[in-house]
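Worksheet: the structure to be examined is printed underneath.
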Amino acid sequence: MAVFVGFIGVGNMGNPMAGNVLKSGVSLTVYDKSPRAMANLVQAGAKQGASVRDVVEQSEIVLTCLPASPDVEALYLEPGGLIDSAKPGTVLIDLSSVLPSTPRKLEPAAKKRGVHFLESPVSGGVAGARAATLALMVGGDADILKRVEPVLKAIGPNVFHVGPVGAGNIVKAINNMMACVNSLAMMEGLVLGVKAGLDPMTIYDVVKASSGGSKALERIPKAIVPRDFEPGFKVQLMNKDLETFTAIAKELHVPVSFANVAQRYEQAALAAGLGEKDTSVAVTIVEKLAAFEMPKGAAPK
Ligand code: NAD
């Protein structure tokens with residue numbers, strides 16, 4: 001039996017995720033406020049929705065992937081929005097990274113209309129979205145998750161049920177804080193090393209085989225050596241995730257420090273007009289402070 005799925009917000013992450021949902025064999029309707037973002041999916045066989053209402057009226061499950069809390073709250077809660085237009089029994093799943101307070105507002109509003117809601121922020125970047133290897137951090141009703149799991153598995157094999165709504169976005173903020181701190185620590189070490197005369201790929205190879213290695217190292221061959229800072233994951237979105245992490249920390253009176261240090265670089269990148277670039281561009285801020293710029297190299301094989 002055909003499953004009717006909607007996907008709203010097909011940008012850098014949503015687009016490859018929607019592509020994998022389509023490949024899993026469901027009937028997919030997509031919508032994005034930018035028509036250009038939908039073109040490849042429509043060419044691959046998805047239906048182009050005319051509006052949010054149009055998508056949700058045709059779907060049993062609707063996935064959303066928008067930038068931040070204000071976008072998500074407007075899409076779901078406005079009169080004539082997603083919750084208002086969904087038939088009872090529809091499952092709405094937000095894949096965006098947002099403040100935990102957002103899913104906590106959406107779930108009861110959905111429930112009032114007999115509609116189900118799950119949060120499911122994801123991790124693994126655009127490469128992971130393309131390869132369908134993302135980690136999904138699901139908050140909400142476990143029984144509803146069981147019903148929609150086959151669709152989520154089309155996005156990534158690691159579907160974690162982490163607790164009630166809000167819990168998914170807490171673990172997502174923790175993950176991104178750690179990823180950002182690791183990246184900035186890597187960039188400071190890298191700039192120092194290259195200024196000292198080392199080859200960046202030597203640093204990559206040695207640290208990868210040693211105790212300082214992390215996934216952040218992959219930015220060296222992929223983005224930093226070739227000086228390719230197209231997103232990927234935009235600076236403004238990482239800045240938003242660090243805001244989420246520190247908001248949770250303040251609410252719980254947990255003193256934190258590393259997130260603030262890492263966020264200084266994201267803030268400096270925003271001030272330099274680099275908010276739409278990939279987070280790897282923060283290396284150029286580290287370079288400015290070091291009064292040193294790494295030479296561009298060919299993308300290593
Ligand atoms: P993006 O800006 O590339 O895409 C967002 C898309 O949403 C755009 O195409 C935009 O036109 C569309 N949109 C916004 N408001 C809309 C509305 N009201 N109706 C319809 N379409 C709307 O951002 P992205 O990188 O895809 O990130 C999306 C979310 O996923 C963010 O919360 C981000 O933090 C998270 N995320 C991103 C990555 C990554 O590597 N890019 C990784 C994990 C999580």
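The values are calculated or read from the model by the stated rules, or taken from the named source; none is laboratory data. Model, not experiment: these values are computed from the prediction. Note that each Cβ is placed from the backbone with ideal geometry, even for glycine, and that neighbours are counted across all protein chains shown. Ligands, DNA and RNA are stripped out before the accessible areas are found, and what is left, the full protein with its side chains, is counted by its heavy atoms. Shrake-Rupley method; radii C 1.70, N 1.55, O 1.52, S 1.80 Å.
For residues in region 61-80 being of a type in the set (Asp, Glu) and closer than 27 Å to Gly125 by Cα, which is farthest from the ligand (Cβ to nearest atom)?
If we filter region 61-80 for residues that are of a type in the set (Asp, Glu), which is where we start, we get 71, 73, 78.
Pick out the ones that are also closer than 27 Å to Gly125 by Cα and you get 71, 73.
Numbers: Asp71: 5, Glu73: 10 Å.
Top of the filtered list is Glu73.
Name the single residue that is farthest from the ligand (Cβ to nearest atom) among those in region 31-43 being open to solvent by less than 70 Å² (accessible area, probe 1.4 Å) and more than 21 Å from Gly81 (Cα to Cα). Checked region 31-43; the qualifying residue farthest from the ligand (Cβ to nearest atom) is Val42.
Taking the stated definitions as given, is Ala299 in contact (Cβ under 8 Å) with a residue 12 or more places away in the chain, in contact with a helix residue (DSSP H, G or I) (Cβ under 9 Å, 6 or more places away or on another chain) and exposed (fewer than 13 other Cβ atoms within 10 Å of the Cβ)? Yes; evaluated as a whole, the condition is true for this residue. Number of residues in region 130-152 that are in contact (Cβ under 8 Å) with a residue 60 or more places away in the chain and either small (Gly, Ala, Ser) or open to solvent by 20 Å² or more (accessible area, probe 1.4 Å) (or both): the value is 3.
Of the residues Phe229, Phe258, only one is open to solvent by 60 Å² or more (accessible area, probe 1.4 Å) and not β-branched (Val, Ile, Thr); which? Full working, then the answer.
Working: Phe229 fails: open to solvent by 60 Å² or more (accessible area, probe 1.4 Å).
Going through Phe229, Phe258 in turn, just one is open to solvent by 60 Å² or more (accessible area, probe 1.4 Å) and not β-branched (Val, Ile, Thr): Phe258.
The set of residues in region 81-98 being surrounded by fewer than 24 Cβ atoms within 10 Å (Cβ to Cβ) and within 12 Å of the ligand (Cβ to nearest atom) consists of Gly81 alone. Listed by first and then second residue, the pairs with beta-carbon distance under 7 Å, at least 6 apart or on different chains, first residue in region 113-124 and within 16 Å of the ligand (Cβ to nearest atom), second basic (Lys, Arg), are Pro121/Lys172; Ser123/Lys172.
Yes or no: Val171 touching a strand residue (DSSP E or B) at 6+ places or on another chain (Cβ under 7 Å), of a type in the set (A, V, I, L, M) and open to solvent by 50 Å² or more (accessible area, probe 1.4 Å)?
Values: touching a strand residue (DSSP E or B) at 6+ places or on another chain (Cβ under 7 Å): yes; of a type in the set (A, V, I, L, M): yes; open to solvent by 50 Å² or more (accessible area, probe 1.4 Å): yes.
Taking the combined requirement at face value, the residue satisfies it.
All of (1) more than 15 Å from the ligand (Cβ to nearest atom); (2) at pLDDT 95 or above; (3) not in a helix (DSSP H, G or I) hold for Leu22 with one exception: (3). Among the residues of region 102-123, those identified as open to solvent by less than 50 Å² (accessible area, probe 1.4 Å) and over 14 Å from Leu75 (Cβ atoms) are Glu107, Gly114, Leu118, Ser120, Pro121, Val122, Ser123. Within region 226-246, the residues that satisfy the criterion of being within 8 Å of the ligand (Cβ to nearest atom) and not in a loop (DSSP other than H, G, I, E, B) are Lys234, Leu237, Met238, Lys240, Asp241.
Test Leu28 against the criterion of being assigned to a strand (DSSP E or B) and either aliphatic (A, V, I, L, M) or away from the ligand (no atom under 14 Å from the Cβ) (or both), and give yes or no.
Numbers: assigned to a strand (DSSP E or B): yes; either aliphatic (A, V, I, L, M) or away from the ligand (no atom under 14 Å from the Cβ) (or both): yes.
Yes.
Residue check: Ile285 meets all listed conditions (1) over 21 Å from the mean Cα position of the chain (by Cα); (2) surrounded by fewer than 17 Cβ atoms within 10 Å (Cβ to Cβ); (3) of a type in the set (A, V, I, L, M) but one, namely (2).
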